[in-house]
Amino acid sequence: MRERNIAVCIILSIVTCGIYGLYWLYAMANDVNEITGDNSTSGAMVLVLSIITCSIYLWYWLYQTGKKIDAVKCARGQMSDNSGVLYLILGILGLSIVSYCLIQNELNHL
């Protein structure tokens, strides 16, 4: 897993009109799978299903990712929040990039 600079990811997402954001989602999904050991959905599958369902699957993935990250944090003895709900609400409000930033921050710390 590679640590990513969140500011660079945001800037690249804006400059490339969201294309880098799609790659960032793909990479984060793979990183979450690597940390949790759950390979049920690959990054490519998350990306394709999110596009096909007009972001409805993305909302589901954001919620599940929050739950998975919380479980990993609990297993490591760290305090965890109910991150899945926060990521879901941000996604529904059209602030998915904020969810990406929060997820990437957690991945960088783990």
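Between residues in region 56-69 that are farther than 15 Å from Leu102 by Cβ and residues that are in a helix (DSSP H, G or I) and of a type outside the set (Val, Ile, Thr), which pairs lie under 6 Å by C-beta distance while being six or more apart or on different chains?
Tyr57/Leu49; Tyr57/Ser50
In region 14-49, which residue that is at pLDDT 95 or above and among the hydroxyl-bearing types (Ser, Thr, Tyr) is nearest to Ala71 (Cα to Cα)?
Checking each candidate, the answer is Tyr26.
What is the residue count in region 61-96 for residues that are touching a helix residue (DSSP H, G or I) at 6+ places or on another chain (Cβ under 8 Å), open to solvent by 50 Å² or more (accessible area, probe 1.4 Å) and under 15 Å from Ile35 (Cα atoms)?
2
Could you give me the residue pairs with C-beta distances under 6 Å whose first residue belongs to region 1-22 and is free of Cβ contacts under 8 Å to residues at least 12 places away in the same chain, whose second residue is in a helix (DSSP H, G or I) and open to solvent by 60 Å² or more (accessible area, probe 1.4 Å) wherever it lies, and which are 6+ apart or on separate chains?
Close Cβ pairs satisfying both conditions: Tyr20/Leu12.
The values are calculated or read from the model by the stated rules, or taken from the named source; none is laboratory data. Keep in mind the model is a prediction, meaning the values are calculated, not measured. Note: ideal-geometry Cβ built from the backbone for every residue, glycine included; neighbour counts use all protein chains shown. We work out accessible area using only protein heavy atoms, side chains counted, and drop any ligands, DNA or RNA first. Shrake-Rupley method; radii C 1.70, N 1.55, O 1.52, S 1.80 Å.
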